[in-house]
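Working notes, structure below.
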Amino acid sequence: MNHLLSVNDLSKEAAISLLTTARELGVVSEGGHKKLPTLRGRSVVNLFFEDSTRTRISFESAAKRLSADVINFSAKGSSVSKGESLKDTAQTLQAMGADAVVIRHGASGAAQRLADSGWISASVINAGDGTHEHPTQALLDAFTIAEKLEISNFEFTGLRVGIVGDILHSRVARSNVLLLQKLGAQVTLIAPPTLIPVGVHSWGVDVNFDFDSAVGNLDVVMMLRIQSERMNELFFPSAREYSRSYGLDKLRLDRMTARSIVMHPGPMNRGLEISADSADSQKSVVLSQVKNGVLVRMAVLYQLLSGASSL
Amino acid sequence: MSRILDSGDIDRALKRIAHEIIERNQGISDLLLLGIPTRGAILSERLARVISSIEGGIPSGTLDVTLHRDDLRLRPPRPLSPTSIPSIGIEGKIVVLVDDVLYSGRTIRAALDALGEIGRPKSVQLAVLVDRGHRELPIRADFVGKNIPTSASEKVSVLLQEIDGQDGVDIEAAK
């Protein structure tokens, strides 16, 4: 494995191996000894063309805990705002000796382009490309599900996961569907018809337009952020109507099963897709997702950067 | 290929090492065993059972050294093994590291680094089933099951019931 561009780059075994590695990293980085020497002398570039707080910080923190050097690059305030192309930016980073490039870009396929173009020899990690994929988010979600529901071997057969919200524009949903299915879970997409992608029947998932009928039968409820820039595009009549039909409020929260959990990739719009009650409830594992994100990204960096570079 | 230790030899070696550990430390107070995965961890558990039967219970755990190795860039990425430190911790304790084969000494160097990240033991000792020589670092074992003179081109394999279905130590000439 040279790059991590899509969940489809991972076999089921490779995914489980990454998740197991993340768990072991969690054991050894707890108890005060947080810094490991493993990637000393390697450098990781965070190449962010889109705004991000937690993903960038998470990758930065993961790289630093493994003693790699981190260079942060954001499009704002860089030569990109002067019109530099992705190619020239990438080659600049190559000349500076980056071993891995973590890229977030608004265009679907940007990470693939960077990896396949031959512009750079570094490992490319997709940290979100347009509406395509966000594989490390899916890995950290799977890790958190296994931790909270105590599934130590990462076999999710029989597990019922509902993904609720803007499936159409969500790279988080795409990556999660792929990974959860790989691990054996049964995925239900819950959204208004306007936010369900065309061709979803080929994904092998269930689709339900009625959140109320589904909420009591799920082990995991994964809420997606409604992006405010979509509000004016008429996918639903109003924010309030969306919230009433597809928001996770107290009533729906109370109908969830006893052991079930609530997830959200963040940032949350409290009062829109998730009520404050739900976000702060015992069932919410949002902060564990953030914490586990660092472990999963450490595992990915370890897997891509620790071995011989020719492999 | 020839077998240099059979199952009985391994048992006797572990019993002797157990007695030596107890003798050297005048009992087992403040003592704990840490096995280096994979086979060192199993030997550590066996050793803990033997010591327990002689002197009483002794804490045993595992210490994965992969993240501290100096040869990570020379090989494909290695999967990590579990680390479990007994709840009493290692601070001020006498830690006996247990491994199957002592060769270059690099694994033990990595183990000492890994240990240093966790705490400051009072002292660290090393028990190995086989010492095959060819050290590349100034490291020696305190307790040795068997010294086996080898050439660097030979391959030494330790087989254990729990993983390999049988006990034994084999030596194989280079192909």
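The values are calculated or read from the model by the stated rules, or taken from the named source; none is laboratory data. What you see is a predicted model; the values in this text were computed from it and never measured. Every residue, glycine as well, gets a Cβ built from its backbone with ideal geometry; the counts of neighbours run over all protein chains shown. Side chains included, ligands, DNA and RNA excluded: accessible areas come from the protein's heavy atoms. Shrake-Rupley method; radii C 1.70, N 1.55, O 1.52, S 1.80 Å.
Annotations for the structure displayed:
- Alpha-carbon geometry of the range A:135-289: the Rg and the Dmax are 14.2, 44 Å, given in that order.
- Distance-filtered residues of the range A:254-279 - backbone nitrogen under 16 Å, label point 7 angstrom along A:Arg240 Cα→Cβ: A:271-273
- For A:Tyr242, solvent-accessible area (1.4 Å; no DNA, RNA or ligand), Å²: 10
- Extension gain for B:Ile163 to B:Ile88 (0.36 nm times residue separation, less C-alpha to C-alpha distance): 24.2 nm.
- A convex hull fitted around the alpha carbon atoms of the range B:60-154 yields 107 Å³ per residue.
- For the range A:204-209, the Karplus equation 6.51 cos²θ - 1.76 cosθ + 1.60, evaluated at θ = phi - 60°, returns couplings of x, 10, 8, 10, 9, 8 Hz by residue, with Gly and Pro reported as x.
- The value of relative contact order for the range B:30-112, using C-alpha pairs under 8 Å at least six residues apart, is 43 percent.
- Distance from the range B:62-125 to the range A:173-206 (C-alpha centre basis), Å: 43
- Backbone amide hydrogens, once placed in the peptide plane, bring B:Leu31 within less than 5 Å of B:Ile94, excluding anything fewer than 5 places away on its chain.
- Percent of Cα pairs in the protein assembly as shown per distance bin of 20 Å, from zero to the largest separation: 22, 45, 27, 6, 0.
- Qualifying GluC sites (Glu not before Pro) in the range A:10-61, DSSP loop, other Cβ atoms within 10 Å at most 12: A:Glu30
- Evaluated at q = 0.08, 0.13, 0.15, 0.17 Å⁻¹, the base-10 log of the normalised Debye intensity for chain B, with identical point scatterers placed on the Cα atoms, takes the values -0.23, -0.63, -0.84, -1.10.
- Most tightly packed first, judged by the mean number of other beta-carbon atoms within 10 Å of their residues, the peptides A:224-235, A:279-290 read A:279-290, A:224-235.
- Rough spin-label spacing in nm, given labels placed 7 Å along Cα→Cβ, for A:Ile57 and A:Asn217: 3.9
- Shielding by partners for peptide A:20-29, expressed as the average number of C-beta atoms from other protein chains within 10 Å of each residue's C-beta, is 4.
- Stretchable slack from A:Ser121 to A:Ser11, in nm (0.36 nm times residue separation minus alpha-carbon distance): 37.3 nm
- Euclidean distance between Cα centres, the range A:1-43 to the range A:84-100, Å: 24
- Karplus 3J(HN,Hα) series, Hz, for the range B:36-51 with 6.51 cos²θ - 1.76 cosθ + 1.60 (x for Gly, Pro): 9, x, 9, 6, x, 5, 6, 4, 4, 5, 4, 4, 4, 5, 5, 4
- Sparse packing (at most 11 other Cβ atoms within 10 Å of the Cβ) combined with a DSSP loop state is found for the following GluC sites (Glu not before Pro) in the range B:6-101: B:Glu91.
- Candidate lysines - alpha carbon under 16 Å from B:Lys93, same-chain residues fewer than 8 apart omitted: B:Lys122
- The mean sequence separation of alpha-carbon pairs under 8 Å and at least six residues apart, normalised by the residue count of the range A:190-298, gives a relative contact order of 28 percent.
- Loop sites in the range A:42-77: trypsin sites (Lys or Arg not before Pro), DSSP, at most 14 other Cβ within 10 Å: A:Lys76
- Percentage relative contact order, chain B, counting C-alpha pairs under 8 Å, at least six apart: 25
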